[in-house]
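Okay, so here's the structure we're looking at.
Any read-out appearing in this document is the output of simple, stated calculations on the displayed coordinates, not a laboratory observation. From a predicted model like this one, the values you see are computed outputs, not experimental measurements. Glycine gets a Cβ as well: all are built from the backbone with ideal geometry, and neighbour counts include every protein chain shown.
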Amino acid sequence: MSRALAALALLAAAGGCISLKPVILDRKTQLENQVLGAFQRLEQDLILTSSVRGEAQGQAAKLSPLQREAVEAMMVREFYRDDIDALKQDQVVGEGNQGLLVVLSRPEAPERAAEMDRLVKLENESRTVIIRRVIQTNRELSDKDLPLVRSIFYRLNRQTARPGDRVQLESGQWETVQAKEPAPEGAAKPAPAKEKGK
C-alpha cells in the first residue's frame, strides 16, 4: 500500500516537471500520411506476390480482385520503368501536376511515336488504378478526394524525378530537374534552421 502511495506522490510531484505538447495535424496532413501508408502497403503486396514463384501463386490467390488489379498495375509500372525513364530522359514525356505522365513532344518516326503513346497509356492507366485503389482502401477517403490523392502522387513523382527529367509545377509551368551539386570536401555543413521564437 505504501509503495502505491509513494508512486502516486512521485507522479503528482513530477507532474509539474513534465510538459506535454499536443501535436495537432490538420485533416490534409493526416490524409497524406494515410495515402503514403496505402502506397507502401501496395508495394508490400507487390513484393509478397513476386518474391518466390511458388509462394507468389499462393499469395496471389489470397488477394481480392481489387488488390490483384492494383498489384498488376504496379507490376506493369515496374516492367516498363526503364522504357518510361528513357522517354523522360529524352524529354518527350514529363511528370504532370495531376500525377500522370504528359507527352511533351512527339517523335518524328511513326513507330516510335506509337510506342511512346502505348507506354504512356499503360503507365497512366496503371497510375490511375493505383490511385483509385488507395482511395478504396481508406475509409476516410472518397472519390471527392481524388484531387488530393493525385497531388500526393504528383509530389512523390516530383521528389523522385531524376536530373534531366521534366516536371510540371503546380502553376502549370515546366522545369527540368537539375542535378544537386555535392558540397565541396571540407566544407561546413549547413546549420540546422532555427525555430521562430528561440
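Just a few scattered comments:
- Placing a pseudo-label 7 Å from each Cα along the Cα-to-Cβ vector at Glu115 and Lys144 gives an inter-label distance of 4.6 nm.
- Where labels lie 7 Å past Cα in the beta-carbon direction, separation of Met75 and Arg162 in nm: 2.5
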